[in-house]
1. In whole angstrom, how far apart do the alpha carbon centroids of the stretch 137-195 and the stretch 12-56 sit?
2. Expressed as an acute angle from 0 to 90° and rounded to the nearest 10, what is the orientation of the C-alpha long axis of helix 26-36 relative to the principal long axis of the chain?
3. What does the helix-only formula give at 222 nm for the chain: each DSSP H stretch with n ≥ 4 adding -39500 (n - 2.57), the total divided by the residues, and the result rounded to the nearest 500 deg cm²/dmol?
4. Within straight cross-link reach of Lys167, meaning Cα distance under 15 Å, which aspartates and glutamates are found once same-chain residues fewer than 8 apart are removed?
5. Quick one: work out the % antiparallel among DSSP beta bridges in the stretch 15-212, nearest 5.
6. Can you pull the three principal axis extents for the Cα set of the chain, in Å, largest first?
7. Could you please report the charge total around Leu105, scoring K, R as +1 and D, E as -1 over all other residues with beta-carbon less than 13 angstrom from its beta-carbon?
8. What three numbers, in Å, describe the spread of the alpha carbons of the stretch 73-141 along their principal axes, ordered from the longest?
Amino acid sequence: MASQSKNHPYRGPTWATYRDSIGDRSELFGAIADTWAPQRALYPGSYVDLSPSTAIPSVTYIDVDRRAVRYFADPEIVAGDLAGRTRPGAGGNIEFFAADYAGDLPVGEASFDLLISLYAGPFWDNCQRYLAPGGLFLANASHGDASLAALDPRLTLVGVVRHRDEKFILDRTALEKYLIPKKPDAADPDLIRSSGRGIAYTRPAFAYVFSSSVRQD
């Protein structure tokens with residue numbers, strides 16, 4: 001990654017400015033790291049959100065947004081945003097690819113133990129092949145990703161993430177109370193894909209953590 005020219009200093013968004021608009025998700029990934037200790041994560045649609053790197057050793061970021069491309073092109077800016085915010089052993093390896101995750105990505109299949117889909121769209125449909133057996137899939141329901149994952153028999157719900165008072169809480173209890181559709185007919189994968197919307201649940205959460213016990217087809 002090449003640094004920005006001194007004659008053209010970087011003036012775009014940074015993780016620091018992005019936190020001002022969406023909040024800091026570092027606590028979320030800290031809880032995931034404490035519970036499952038993933039070593040390699042894939043984060044498509046990341047924009048400039050570096051929060052996974054505060055807790056996970058190696059994270060590959062994917063986005064086609066030109067602002068994200070420009071941001072990650074300067075390792076000094078990225079390092080400055082992470083300075084003093086990482087756990088021991090975290091943030092050591094950061095990769096970025098300007099790519100559409102719906103196509104083939106320049107990463108190995110079954111090479112990640114955590115896939116991250118936060119407001120990213122149909123990531124599970126396109127990228128499940130990159131998840132290692134026994135790996136984790138973190139998703140929210142905004143674009144239907146968590147809803148599709150909930151209907152996939154190869155995945156098991158192992159945690160929910162609640163967001164309250166700017167705090168992220170990872171809960172692994174009473175999971176049977178989650179992912180119950182308000183309208184049973186809405187639990188249709190084809191309907192979810194065509195609408196691009198997740199199912200409305202009787203007990204919603206900010207995000208859901210699924211575990212894959214078998215290699216994806």
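Just so you know, all these numbers are worked out from the coordinates, no wet-lab data involved. All values derive from a computational prediction rather than experimental measurement. No Cβ is skipped: glycine too gets one built from the backbone with ideal geometry, and neighbour counts run over all protein chains shown.
1. Cα centres, the stretch 137-195 to the stretch 12-56: 20 Å.
2. It works out to around 60 degrees.
3. Working: 7 runs with 52 residues, N = 217.
Mean residue ellipticity, 222 nm, calculated: -6000 deg cm²/dmol.
4. Within the straight-line cut-off, Lys167 pairs with Asp20, Asp24, Glu27.
5. 50 percent
6. Answer, in whole Å and largest first: 58, 35, 30 Å.
7. Values: positive: Arg129; negative: Asp63, Glu95, Asp100, Asp104, Glu109.
Local net charge: -4.
8. Answer, in whole Å and largest first: 35, 26, 25 Å.
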